[in-house]
1. Can you pull out the residues in region 228-273 that are small (Gly, Ala, Ser) and within 12 Å of ligand 1 (Cβ to nearest atom)?
2. Does region 176-190 include one or more residues that are part of a helix (DSSP H, G or I) and at negative phi?
3. Among Pro185, Pro192, which is the only one that is out of contact with any Gly (no Cβ under 7 Å at 6 or more places or on another chain) and at pLDDT below 95?
4. Identify, please: which residue in region 61-84 is within 16 Å of ligand 2 (Cβ to nearest atom) and hydrophobic (A, V, I, L, M, F, W, C) and is, among those, farthest from Gly28 (Cα to Cα)?
5. Please find, among Leu109, Leu86, the residue that is at pLDDT 95 or above, closer than 27 Å to Gly152 by Cα, more than 16 Å from ligand 1 (Cβ to nearest atom) and crowded, with 20+ Cβ neighbours inside 10 Å.
6. Let me confirm something: among Gly244, Gly219, which residue is among the small types (Gly, Ala, Ser) and open to solvent by less than 50 Å² (accessible area, probe 1.4 Å)?
7. Could you list, in sequence order, the residues of region 42-53 that are within 23 Å of Asp23 (Cβ to Cβ) and within 11 Å of ligand 2 (Cβ to nearest atom)?
Amino acid sequence: MTTTRPAADTGTVPVGTLMSIFDPLFLGIDEFGQPVYLPLIYRNMLIGGEPGAGKSSLLNTIVGHAALCDDVRLCLLDGKLVELGLYEGSADVFVGPDLDLAILTLERLQTVMDNRYAFLRSVNRQKFLPRDAFDAILVAIDEIAYFSATVGDKKDQERFMALLRDLTARGRAVGIIVVAATQRPSSDIILPSLRALFAWRFAGRCTDDVSSDIVLGHGWAKRGYSANTVDPNNQGCGYLIAEGGIPALVKACFMTNADIIRVANYAAWVRRSSTETRLTTELRAAA
Ligand SMILES: Nc1ncnc2c1ncn2[C@@H]1O[C@H](COP(=O)(O)OP(=O)(O)O)[C@@H](O)[C@H]1O
Ligand SMILES: [Mg+2]
């Protein structure tokens with residue numbers, strides 16, 4: 001991957017976007033052409049749909065948004081390497097097709113989560129706030145099934161699922177956001193108890209009504225909301241549902257590969273330089 005040269009080489013100071021993970025993400029447009037914004041902080045998101053429905057593209061948009069925010073760290077898991085790989089330079093952790101590393105990473109995140117709760121307890125607070133002592137963390141996973149049902153043995157797959165469930169259940173208040181994509185989130189891929197923890201769910205085109213209901217929740221297809229009705233040629237279009245809401249038809253915005261490379265390189269440049277700057281300040285203070 002080619003990355004833009006760091007500030008030290010160019011003699012310029014990188015200017016960030018001033019975006020925050022507390023700002024809502026621009027997801028796309030609804031069927032009336034109105035913009036759809038999605039707050040990510042304190043939420044988790046599940047993305048489902050058949051192959052080619054637009055899941056990885058949507059995940060890239062979400063990771064791209066987060067990469068440009070200066071108050072969120074990225075932790076990316078991508079069994080295919082190439083879907084989220086362009087953001088590796090902006091990520092604190094990038095996990096490819098390696099279940100052991102995926103488990104180790106989730107264990108580390110679990111420890112971070114526990115430490116953060118201990119900190120909140122010490123300052124008599126219940127939740128993470130803007131400009132807090134620590135950054136939010138986006139845990140983005142493309143194709144959960146790779147880690148939960150495809151590679152490794154049953155014991156490791158179950159360990160992965162249990163850790164992911166804990167992060168999804170307890171991470172929200174300490175700024176840990178889980179966004180995960182999978183073709184069909186049936187019980188063999190993700191535990192139904194885990195599925196229920198995702199506040200936001202996006203169902204791109206699904207092969208049948210049952211698959212659509214698995215993503216959106218039981219009974220929506222019967223009420224007229226089935227992602228099976230999405231035109232297969234309309235990639236990125238799907239139903240978006242929030243906890244307690246009604247599914248809304250949305251066409252997700254789309255970044256071309258060139259767009260992603262441009263955003264990823266810029267984010268890597270700003271992130272690397274700001275980390276250096278923070279470190280320099282800390283070192284100076286310590287001298
Ligand atoms: N929001 C979108 N708008 C337009 N085209 C899209 C959109 N999302 C995806 N596509 C097209 O569909 C293709 C497959 O999308 P992808 O995200 O790889 O699907 P999936 O991960 O569900 O298999 C992309 O390469 C792109 O050409
Ligand atoms: Mg994909």
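The values are calculated or read from the model by the stated rules, or taken from the named source; none is laboratory data. Bear in mind the structure is a predicted one, so any value in this text is a computation, not a measurement. In this analysis, Cβ positions are derived from the backbone assuming ideal geometry, glycine residues included, and neighbour counts consider all displayed protein chains. Just so you know, the surface numbers come from the protein's heavy atoms only, side chains and all, with ligands and any DNA or RNA stripped out. Shrake-Rupley method; radii C 1.70, N 1.55, O 1.52, S 1.80 Å.
1. First, pick out the residues of region 228-273 that are small (Gly, Ala, Ser): 236, 238, 242, 244-245, 248, 252, 258, 264, 267-268, 273.
Passing the criteria: Gly236, Gly238, Ala252.
2. So far as region 176-190 goes, no, none of its residues is part of a helix (DSSP H, G or I) and at negative phi.
3. Details: Pro185 fails: out of contact with any Gly (no Cβ under 7 Å at 6 or more places or on another chain).
Answer to the check: Pro192.
4. Residues of region 61-84 that are within 16 Å of ligand 2 (Cβ to nearest atom), as a first pass: 61-64, 76-84.
With the extra rule that they be hydrophobic (A, V, I, L, M, F, W, C), the set shrinks to 62-63, 76-77, 81-82, 84.
Working: Ile62: 11, Val63: 15, Leu76: 22, Leu77: 24, Leu81: 25, Val82: 23, Leu84: 20 Å.
Restricting to residues being within 16 Å of ligand 2 (Cβ to nearest atom) and hydrophobic (A, V, I, L, M, F, W, C), the top hit is Leu81.
5. Numbers: Leu86 fails: more than 16 Å from ligand 1 (Cβ to nearest atom).
Answer to the check: Leu109.
6. That would be Gly219, the only listed residue that is among the small types (Gly, Ala, Ser) and open to solvent by less than 50 Å² (accessible area, probe 1.4 Å).
7. So the first thing to find is which residues in region 42-53 are within 23 Å of Asp23 (Cβ to Cβ), and the list is 42-47.
Correct list: Ile47 only.
Per-residue answers, yes or no, for (1) modelled with pLDDT of 95 or more; (2) within 16 Å of ligand 1 (Cβ to nearest atom):
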residue	(1), (2)
Ala8	no, no
Gly11	no, no
Ile47	yes, yes
Ala53	yes, yes
Leu59	yes, yes
Leu76	yes, yes
Gly79	no, yes
Asp92	no, no
